[in-house]
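K.L.:
Here you go, one structure.
The values are calculated or read from the model by the stated rules, or taken from the named source; none is laboratory data. Values in this document were obtained by computation on a predicted structure and should not be read as measured data. Counting neighbours? That spans all protein chains shown, and the Cβs are built from the backbone with ideal geometry, glycine included.
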């Protein structure tokens, strides 16, 4: 009986060893397949990159690079855009300009009052400081209305 128990244990070890060897072979096959797929993907990317651009008529990589350069130049132009200064004249016009500025620059609603303070001078800045002291929970909509009034 003890011999049978040992024989079964030995057979189990052999089976486990065979299972491990099988898994190693499977892993190696999968690794090779992944490497081949990676090579094919690289070839496909190179092929696609060299295709003519069809969404704007004709072109190739030079066209794409030129288009990317145009986007960078346009972004640089907006980076140079400065917030309009408010001195308590033409309040309606200033609020429209500063709103457009905030949209272009992506200024969040909760940061707009703080950003507007930087754009105020003279009596407008004094008014803002007074209003900031008095206001409990200021928001951009209320602030715009107060500036226009």
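K.L.:
Is it the case that segment 52-64 has a residue that's surrounded by 10 or more Cβ atoms within 10 Å (Cβ to Cβ), at pLDDT below 80, at positive phi and not in a helix (DSSP H, G or I)?
P.N.:
Yes, segment 52-64 has at least one match.
K.L.:
Follow-up question, since we're still on this one. Which count do you get for residues in segment 88-118 that are closer than 15 Å to residue 148 by Cβ and in a loop (DSSP other than H, G, I, E, B)?
P.N.:
3
K.L.:
Being at pLDDT 80 or above and under 33 Å from the mean Cα position of the chain (by Cα): is that true of residue 45 here? Reasoning before the result, please.
P.N.:
Details: at pLDDT 80 or above: no; under 33 Å from the mean Cα position of the chain (by Cα): yes.
Taking the combined requirement at face value, the residue does not satisfy it.
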